[in-house]
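Have a look at the structure below, then the notes.
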Amino acid sequence: MIERAGFRPYDLPLRQAWGSARGGFARRRGWLVWVEADGLTGYGDCAPLPAAGTEAQEAAGAALERLFSGLRGQEIEIRLSALDAENATDAHPAARFALDCALADLASQRLNLSMRRWLAPEAVDRLAVNAMLGTLGTVPGKALAASQAQGFRVLKLKVGVDTPMSELESLVELARPSSTDTDVRLRLDANGAWSFDQARWLIERLVKLRLPIESIEEPLAEPTPERLDELQALAPFPLALDESLPTRFAAVDPSQLGVRRLVLKPAALGGLHRTLALARRAQDASIEVVVTSLVESAAGLWPTAQLAAAIASPIAQGLATADWLAADLGQAPRPCAGRIDLPDRPGSGFMPTHV
């Protein structure tokens, strides 16, 4: 049973500001959480990011106080089951995710299993990941070549910050040096910046110019399944939903969303098993799945990567974010040659530098 549990705040600087059509940040603030039992410790990360669909910082702190009160003396598996049974539209997904990860870390350690195999016996050990380059207007041309040289084949860019016409010109210029490498594709994330007409205009021209687009995430400011289906019919590449999943479409079946891909952030969806269940429903409907981080600390990135390995989607995942942080709570999973190899050790893999 649980012997001790707690959480402490952290404040980590980024190497450079993170920008998007929904705003940006230069620091990541949150709480490292832990749960202890039988001489073992499980860790989680509560790093709210309202722009991605989580609660605000103050609400997360209050939710942690509530979730951690009375944990001592409870059985780990019973608390995990109770957490999974709670309302799926809980308003504090980042706090829930943190406790869920700490309990899952502890439960998988007790069974001497990696978290990914505790979640799914058929989990994989290696994940392809995309490079996260930043906002389109701030990315130098050499960044694409450097990422390609590091082994990345999917390069992600934030768009929707400038006008569609200006960004189309930038994409044409940026993609030109990489045109000889037909394996490299650009993953665009508009973060809900465009009207339907703007999105249609841009997609039509991207297709006409044959730019190497891998996908476009959150193209619409006011998405509906009908409008998304219209746009998807124009695009030979997947359109994807991300932050609108937990806020607009939590109760909609994945097969009815009008897109070919879902981007899943477990910290915004409220937990590991909840995200895994949604991923399975999507995959059963032949919808692609990408798991991405919220630029969390290593305490959040480890279980997110373990979850991605349990889901075992073959396309590039959004997990190469550790290098955006100038400081961290412990060693984070980092890619080599465009892939993350997960160790075969019990739990999530996270070990704090300082407790």
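The values are calculated or read from the model by the stated rules, or taken from the named source; none is laboratory data. It should be emphasised that the depicted structure is a prediction, and the values quoted were computed from it without experimental measurement. Heads up, the Cβs are rebuilt from the backbone with ideal geometry, glycines too, and the neighbour counts pull from every protein chain shown.
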(request) Confirm whether Ala63 is crowded, with 16+ Cβ neighbours inside 10 Å, in contact (Cβ under 8 Å) with a residue 24 or more places away in the chain, over 25 Å from Asp344 (Cα atoms) and not assigned by TED's automatic domain parsing to the domain that holds Glu243. (result) yes
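Answer yes if at least one residue in segment 149-157 is within 28 Å of Gly6 (Cβ to Cβ) and crowded, with 21+ Cβ neighbours inside 10 Å, and no otherwise. Write out each step before concluding.
As a first pass, look at segment 149-157 and keep what is within 28 Å of Gly6 (Cβ to Cβ): none.
There is no residue in segment 149-157 that is within 28 Å of Gly6 (Cβ to Cβ) and crowded, with 21+ Cβ neighbours inside 10 Å.
If you check Asp162 against the conditions, is it more than 22 Å from the chain's Cα centre (by Cα) and either under 21 Å from Ala52 (Cα atoms) or touching a residue at least 60 places away in the same chain (Cβ under 8 Å) (or both)? Walk me through it before giving the result.
Numbers: more than 22 Å from the chain's Cα centre (by Cα): yes; either under 21 Å from Ala52 (Cα atoms) or touching a residue at least 60 places away in the same chain (Cβ under 8 Å) (or both): yes.
Yes: the conditions hold for Asp162.
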(request) Name the residue, out of Ala17, Ala26, Ala59, Ala21, that is among the hydrophobic types (A, V, I, L, M, F, W, C), modelled with pLDDT under 95, within 30 Å of Trp194 (Cβ to Cβ) and touching a Pro at 6+ places or on another chain (Cβ under 8 Å). (result) Ala26
(request) Mind checking which strands (runs of 3 or more DSSP E) fall wholly inside segment 120-204 and carry at least 3 residues that are aliphatic (A, V, I, L, M) and either over 30 Å from Arg280 (Cα atoms) or modelled with pLDDT of 90 or more (or both)? (result) 126-135, 154-158
(message) Of the residues Asp323, Asp344, Asp328, only one is among the charged types (D, E, K, R), assigned to a helix (DSSP H, G or I) and touching a residue at least 40 places away in the same chain (Cβ under 8 Å); which?
(response) Asp323
